[in-house]
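Notes for the one structure printed next.
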């Protein structure tokens with residue numbers, strides 16, 4: 001997770017939510033006018049994280065990440081639904097039943113960072129109609 005935070009800072013981006021699993025991840029990021037294009041940010045994230053994962057697994061040169069999608073969120077209710085979706089993603093995929101205890105997800109951080117009333121509002125946003133590529 002440290003690499004994700006480091007690269008977001010390096011590229012002048014603010015991380016709002018994240019969920020990292022074995023075969024995919026989701027992030028919600030806001031950018032500044034001075035931020036580099038996402039292709040550079042995620043290119044660096046994928047390169048460095050693949051090297052780390054391949055070193056741990058002793059699989060040099062293995063392709064870890066195959067692609068990424070990004071979308072610009074311009075509708076406030078869509079933003080809230082996506083926050084809930086990302087925070088709940090490990091449970092959605094059956095990785096954990098308790099997202100607050102899953103260390104590679106922003107759910108626990110989110111609940112510490114924001115007032116309970118705001119967190120409850122976000123948790124009430126349905127995400128079943130979102131068009132998100134997530135068939136893992």
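Placing dummy labels 7 Å off each Cα toward the beta-carbon, the span from residue 47 to residue 9 is 2.1 nm.
Restricting to DSSP H runs of at least four residues, report the calculated mean residue ellipticity at 222 nm for the chain, -39500 (n - 2.57) per run over all residues, nearest 500 deg cm²/dmol.
Details: 5 runs with 61 residues, N = 136.
Estimated from H runs of four or more residues: -14000 deg cm²/dmol.
Each of residue 54 and residue 22 was given a label point 7 Å from its Cα along the Cα-to-Cβ line. The distance between the two points is 2.1 nm. Inter-label distance, residue 101 to residue 128: 2.7 nm, where each label sits 7 Å from its Cα along the C-beta direction.
Percent of Cα pairs in the chain per distance bin of 10 Å, from zero to the largest separation: 11, 40, 38, 10, 1. Residues 114, 80, arranged from fewest to most other Cβ atoms within 10 angstrom of their Cβ, appear as 114, 80.
FYI, it's all coordinate maths here, none of it is from the lab. All figures in this text were calculated on a predicted structure; none of them were measured in a lab. Glycine gets a Cβ as well: all are built from the backbone with ideal geometry, and neighbour counts include every protein chain shown.
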